[in-house]
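Coordinate-derived values only; no laboratory data. Please read these numbers as outputs of a predicted model, since none were measured by experiment. Reconstructed Cβ throughout: ideal geometry from the backbone, glycine too, with neighbour counts over all protein chains shown.
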Amino acid sequence: MLLPLTLLFFSWGSSQVHAAQGNESCSTSTQRLQLGTYQFTSDCDTMWWCNSSNICDWKGCRRDEFPFGYWENATIPEGCPRGSFCPDEEDSCQPLLAVGSPCQLNRDDECEAPPDFQDLADNTGLGRNVNGSVCLNNVCMWANVTLGLPCAVENVPYTVYTQDTEFIDIVSRDNCRLGLYCDASQKVCMQMKELGESCQADKECQSFNCLATGVCGKPADTPSHVAFWVYIICGIAIFGGSA
Ligand SMILES: *[C@@H]1O[C@H](CO)[C@@H](O)[C@H](O)[C@H]1NC(C)=O
Ligand SMILES: *[C@@H]1O[C@H](CO)[C@@H](O)[C@H](O)[C@H]1NC(C)=O
Ligand SMILES: *[C@@H]1O[C@H](CO)[C@@H](O)[C@H](O)[C@H]1NC(C)=O
Ligand SMILES: *[C@@H]1O[C@H](CO)[C@@H](O)[C@H](O)[C@H]1NC(C)=O
Ligand SMILES: *[C@@H]1O[C@H](CO)[C@@H](O)[C@H](O)[C@H]1NC(C)=O
């Protein structure tokens, strides 16, 4: 299904109109991640979250460096200090969660770091883990599994919107150490492949680019497989996708 971009903008605008404002009622039961983009949504408009009294209350923390949709005269809440995180609801900063605790989709930053975080942390900017921790299938884990040992994997199908089309991009994440990936069928950590080696998915390649010809190619210019990039592009198109 292809929606023209104008329609996306239009439906996004209209969904904002219906969002509940501060002190208005909301339902915590309708809070969810939007299908396809996994962006958090609630009945409340940008500046509020739906509290346990089912009333839109001022947000107490922010996730984005540059939050969007706040009144000019509003005080934008702070981000959370080191050792804590701002949950998807953006109600208040919470202490980092111990390994094994429930966490929110793609929120590696909610999980406490392993003791050997310096060895495990992904500093490449590819987002394989945050300080050595990963949130997989809503559980905090450490990205510490070594070659040949059993690993956990989470495959999330994102809807990616480009100017004139949309497609599904499956982002596969796991708890293998850097340089390894979790093999889909055997569910053990395998060595990542060099340029020219045969592959079935991007995650198998050091370059994160498995070409249509079935071999690892040079890194792609468009990082369409990096989750954070998906967020940025879809910030605009999310609401349209659900219309
Ligand atoms: C609710 O209303 C009170 C009184 O008008 C106001 O001070 C407060 O900021 C409002 N709360 C929210 C969440 O908008
Ligand atoms: C929910 O938000 C409203 C509006 O700010 C506030 O009056 C109420 O006390 C809040 N409920 C809780 C449980 O904090
Ligand atoms: C802040 O701005 C909004 C809309 O721009 C307005 O509705 C609201 O009354 C203003 N609040 C204060 C405290 O000036
Ligand atoms: C990584 O975790 C360690 C240990 O908990 C902590 O001291 C350090 O500040 C963390 N680094 C970042 C960038 O969060
Ligand atoms: C690896 O991480 C898991 C949590 O995901 C932890 O229970 C386990 O003790 C860690 N193993 C090593 C060798 O650090």
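Things worth noting here:
- Odd one out for Leu178 among (1) over 22 Å from Asp116 (Cβ atoms); (2) in contact with an Asp or Glu (Cβ under 7 Å, 6 or more places away or on another chain): (1)
- Residue check for Gly125: away from ligand 5 (no atom under 16 Å from the Cβ), closer than 21 Å to Gly179 by Cα and either of a type in the set (A, V, I, L, M) or over 12 Å from the mean Cα position of the chain (by Cα) (or both): yes
- Checked against (1) within 16 Å of ligand 1 (Cβ to nearest atom); (2) of a type in the set (Asp, Glu); (3) over 27 Å from Asn54 (Cβ atoms), Glu112 meets all criteria but (1).
- Unique residue being under 26 Å from Gly36 (Cα atoms) and either of a type in the set (Asp, Glu) or within 16 Å of ligand 5 (Cβ to nearest atom) (or both) when the list is Cys189, Cys135, Cys199: Cys135
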